[in-house]
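Below is one structure, written out as structure tokens; comments come after it.
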Amino acid sequence: MLRPPRLRSGDVIRVVAPSGPVPPDDFAQGAAVLSGRYRLRYDPADLFRASGFLAGPDQVRLRELLAALRDPDARAVIMARGGYGLLRILAQIDPAALLSANKPIVGFSDGTLLLAQAARAGLASIHGPVVTQLGRLDKEDQDALFAALEEPDGRPLLAGLESLVPGRASGPLLGGNLEVFSRMLGTPYLPDPRGAILFFEDIRERPYRIDRLLTQLELAGIFQAAAGVIAGELIGCDESAPSKPTPTASEVVRERLGRLRIPVALGAPIGHGRRNRALPYGARVELDADAGTLSALEGAVS
């Protein structure tokens, strides 16, 4: 896995919106955090364009993303927000372009698709907060993003995880948003899960849908191929007013993943809530479910 060069304070970061429309107020809060350390570059006319549930027409979003990757001054690319839209342009994102750009890409949620394509190309990236989320996070998670962009060495990533299935395993870190990741099944765009440590998070998926998504991954052989699994946050995934008793999303995860024969840990501060710890996507990590820890054996950058 190629690890792009590390960033330093004052470097240029290109901001893109390849998915949903960008809320200006949330963006301003996150941009203020990033601008305290880096120089942000974006075109407001493109970034804040909206076409229904998309941040502009497909070709405009694709053009913006490719321009950011080719920008010789930009040392990294970060998504302004998630939402939906990358799937519509996925076939036009050449993995070779991601590899030749050799820049860390930061995103999550819908950005799972972009990070997965970088991994397919052999380029490490960063599963971390988008700009519109960054301003709502605590300083610890903001600093974790800076560390992911700037520190090449292995280091502890997560502690205090709950062990569901004991054991210890290492491998490349893959996964992301459960719903989005599942959309790559049956397509040529799914990264190779063999020997990987998989992680998942989601938002506003009812418990039976979480069950369906996890079962689909199992039927597709994803968990059989993986070396370990980590569950992140499931925000707003429980039934708000069930007419009859129903399992919670957490109970579904425990039942579905507790049957696996690989290490499984729960409770990772990753996702759409008030926590979203940056992780080195595609880089080698070690999961120790017994100790409740995840450690990077190498950083996302070199």
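Among residues of region 147-187 being charged (D, E, K, R) and not in a helix (DSSP H, G or I), the one that is surrounded by the fewest Cβ atoms within 10 Å (Cβ to Cβ) is ASP153.
Surrounded by fewer than 18 Cβ atoms within 10 Å (Cβ to Cβ) and not assigned by TED's automatic domain parsing to the domain that holds ALA291, is that true of LYS139? Taking the combined requirement at face value, the residue satisfies it. When the test is whether a residue is hydroxyl-bearing (Ser, Thr, Tyr), at pLDDT below 95 and farther than 19 Å from ALA147 by Cβ, THR215 does not pass it.
Please identify the pairs in which a residue from region 231-243 that is acidic (Asp, Glu) has its Cβ atom under 6 Å from the Cβ atom of a residue that is assigned to a loop (DSSP other than H, G, I, E, B), counting only partners at least 6 apart or on another chain. Filtered contacts from region 231-243: GLU233/GLY271; GLU233/GLY273; ASP238/THR248; GLU239/THR246.
Yes/no per residue for (1) in the same structural domain as GLN29 (by TED's automatic domain parsing); (2) among the hydroxyl-bearing types (Ser, Thr, Tyr):
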residue	(1), (2)
ILE105	yes, no
LEU114	yes, no
ALA124	yes, no
GLY135	yes, no
LEU145	yes, no
GLY167	no, no
TYR189	no, yes
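Residues in region 237-273 that are farther than 20 Å from THR293 by Cα and not acidic (Asp, Glu): 16 in all. Evaluation of TYR84 against the conditions (1) hydroxyl-bearing (Ser, Thr, Tyr); (2) under 19 Å from VAL22 (Cβ atoms); (3) in a helix (DSSP H, G or I) shows that the sole unmet condition is (3).
Restricted to region 196-302, the set of helices (runs of 4 or more DSSP H) holding at least 2 residues that are within 18 Å of the chain's Cα centre (by Cα) comprises 207-219.
None of PRO24, PRO57, PRO95 is surrounded by fewer than 19 Cβ atoms within 10 Å (Cβ to Cβ) and modelled with pLDDT under 95 except PRO95. Listed by position, the helices (runs of 4 or more DSSP H) inside region 1-75 whose residues that are in contact with a Gly (Cβ under 8 Å, 6 or more places away or on another chain) and closer than 30 Å to ASP153 by Cβ number at least 1 are 24-35. Among the residues of region 1-21, the ones that are among the hydroxyl-bearing types (Ser, Thr, Tyr), surrounded by 15 or more Cβ atoms within 10 Å (Cβ to Cβ) and more than 29 Å from GLN59 (Cβ to Cβ) come to 0 in all. Tell me yes or no: at least one residue of region 195-213 is closer than 29 Å to GLU298 by Cα and either of a type in the set (Ser, Thr, Tyr) or out of contact with any strand residue (DSSP E or B) (no Cβ under 7 Å at 6 or more places or on another chain) (or both). The answer is no; no qualifying residue exists.
When region 237-255 is filtered for residues that are exposed (fewer than 14 other Cβ atoms within 10 Å of the Cβ) and closer than 12 Å to ILE210 by Cα, only GLU255 remains. Tell me which residues, restricted to region 95-146, are basic (Lys, Arg) and either free of Cβ contacts under 8 Å to residues at least 40 places away in the same chain or assigned to a helix (DSSP H, G or I) (or both). Answer for region 95-146, where residues must be basic (Lys, Arg) and either free of Cβ contacts under 8 Å to residues at least 40 places away in the same chain or assigned to a helix (DSSP H, G or I) (or both): ARG120, LYS139.
Being touching a helix residue (DSSP H, G or I) at 6+ places or on another chain (Cβ under 8 Å), under 21 Å from ASN276 (Cα atoms), assigned to a loop (DSSP other than H, G, I, E, B) and at pLDDT 95 or above is not true of PRO193.
The values are calculated or read from the model by the stated rules, or taken from the named source; none is laboratory data. This is a predicted model, so every value here is computed, not measured. As a convention, Cβ positions derive from the backbone with ideal geometry for all residues, glycine included, and neighbour counts pool all protein chains shown.
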